[in-house]
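Below is one structure; the comments refer to it alone.
Please treat every number below as a calculation from the coordinates, not as lab data. Nothing here was measured: the structure is a model prediction, and the numbers come from that model. Every residue, glycine as well, gets a Cβ built from its backbone with ideal geometry; the counts of neighbours run over all protein chains shown.
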Amino acid sequence: MRKFPAGTSTYHALARWLTTATDLTAAVIQINGLDEFADTCSGAGKSMRASDARAIEMMTAYAAGRVCGLCNTCMEHCANHVPVADILRYERYATDYRDLRRARALYARLEVDARGCAACGRCVEHCPQRMQIPDALAAAHALLA
């Protein structure tokens, strides 16, 4: 992803957006240190700036087709009952939160892992994100197995 506008960070922009532009009443976030905490909280409750809006647009554009929305719509169409959302959530733990050990431990507990994907593509037809799910599962398995 390209660099955010000057003076804007992921955490700051998201905190401003979540606390001023949504009806959010609760959130569970992971903060990896005092710097992230200060950055996140310093934006909370403050009006969105143009740079924050641009950062949100950039994050949304980056995620489109790449990041699972965890809706489970695809699961209804998987003959092998591959837990797509769980697998791709664990992949995010490894890549976004830099917690590969936790991600691998959770992945190892699954009864059906990404190898259960037959790559038939039925899931892709129903994915609101239009993710290439079989490819994403293969990449997640390579990272988490």
Next on the checklist: Run the lone-cysteine check on the chain: no other Cys C-beta under 4.7 Å from the residue's C-beta.
Outcome noted: C41, C68, C71, C78, C117, C120, C127
Checklist entry - Any idea what angle helix 10-20 forms with the longest principal axis of the chain, computed on alpha-carbon atoms, 0 to 90 degrees, nearest 10? => result 80
Checklist entry - How high is the relative contact order of the range 73-144, given as a whole-number percent (alpha carbon pairs under 8 Å, six or more residues apart)? => result 41
Checklist entry - How high is the relative contact order of the chain, given as a whole-number percent (alpha carbon pairs under 8 Å, six or more residues apart)? => result 24
Checklist entry - When the convex hull of the Cα atoms of the range 10-63 is projected onto a plane and the area is averaged over all directions, what value comes out in nm²? => result 3.9
Checklist entry - Once you put a point 7 Å from the Cα of L110 and another 7 Å from the Cα of A26, both along the Cβ direction, what distance in nm separates them? => result 2.7
Checklist outcome for this item: For the chain, using Cα atoms only, the Rg and Dmax in Å read 17.1, 47
Checklist outcome for this item: Rounded to the nearest 500, the 222 nm mean residue ellipticity computed for the chain from DSSP H runs (n ≥ 4, each -39500 (n - 2.57)) alone is -15000 deg cm²/dmol
Next on the checklist: For the range 103-145, which trypsin sites (Lys or Arg not before Pro) pass both filters: DSSP loop (anything but H, G, I, E, B) and at most 14 other C-beta atoms within 10 Å?
Outcome noted: R109, R130
Next on the checklist: With only alpha-carbon atoms in the gyration tensor, what are the semi-axes of the equivalent ellipsoid for the range 73-144, in Å, largest first?
Outcome noted: 20, 13, 9
Checklist entry - Got a sec to turn the phi values of the range 124-130 into Karplus ³J(HN,Hα) couplings, 6.51 cos²θ - 1.76 cosθ + 1.60 with θ = phi - 60°, whole Hz, x for Gly and Pro? => result 4, 4, 10, 7, x, 7, 6
